[in-house]
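The values are calculated or read from the model by the stated rules, or taken from the named source; none is laboratory data. Source: prediction; values computed, not measured. We place every Cβ from the backbone using ideal geometry, glycine too, and count neighbours over all the protein chains shown. Note: areas computed on protein heavy atoms with side chains; ligands, DNA, RNA excluded. Shrake-Rupley method; radii C 1.70, N 1.55, O 1.52, S 1.80 Å.
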Amino acid sequence: MTIKIWVAAGLLALTGCMAEQEGLEPPKAPGDVIRFTAGRCFGACPAYTVQVSPDGAGLLTPERFTSVPGPTRFTISRIQYRKLLTTLAPHRPAAGTTQKIDQKSCTRFATDMPGYSVEWSRPGQQPTRLDFQSGCMDPLYGKLRVAIASVPRILDVQHMLNPKAVAP
């Protein structure tokens, strides 16, 4: 009986260590850690979170309809990181604030579409966050929709998001 308790305690300790490893290390290079979350839709949209740091570290954490079974690490180049910053920069809210673009903000709105969040964070500073409900079809947000749609291509993670890429 005592051995079972020690084994269970050891497994819990290992699980705790593994859970701590699920994020990115604090970056050594100056810049923001960018966290991009694609939420669920009514259909089979990929739902996932991807994080990248200015060091080039990346982590994709799948939720639904992706081709990776669990958290997957990857790397990006400085060019990819800068391209992501440049693409998202026109849509970034003021530092330390959150901007929400949802049904209340739009005149033309389609339901059952995924929501997206982009968060820029640095140690010692309040995060900056943009929440965008992609059902907002107002022309004012057209460039934002294009920017959000380009994130997987910029980071070269499309192959991790295609559920058809999973072999049976």
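So the values come out like this:
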read-out: Zone of A94's modelled label, taken as backbone nitrogen in region 104-142 under 16 Å from a point 7 Å along Cα→Cβ; value: 126-130
read-out: Accessible area of region 60-143 belonging to carbon and sulfur atoms, whole % at 1.4 Å probe; value: 51 percent
read-out: Accessible-area order (highest first, 1.4 angstrom probe) of the listed residues S105, S53; value: S105, S53
read-out: Accessible-area order (highest first, 1.4 angstrom probe) of the listed residues D55, D32; value: D55, D32
read-out: Where only C-alpha atoms are counted, convex hull volume of region 21-158 per residue in Å³; value: 104 Å³
read-out: Overall dimensions of region 85-168 as given by Cα atoms, namely Rg and Dmax in Å; value: 14.7, 46
read-out: Average accessible area per residue (Å²) across region 46-117 - probe 1.4 Å, nucleic acids and ligands excluded; value: 56 Å²
read-out: Net length gained if the chain between R40 and C106 were fully extended (0.36 nm per residue, minus Cα distance); value: 21.8 nm
read-out: With all protein chains modelled, accessible area of F36 [1.4 Å, Å²]; value: 10 Å²
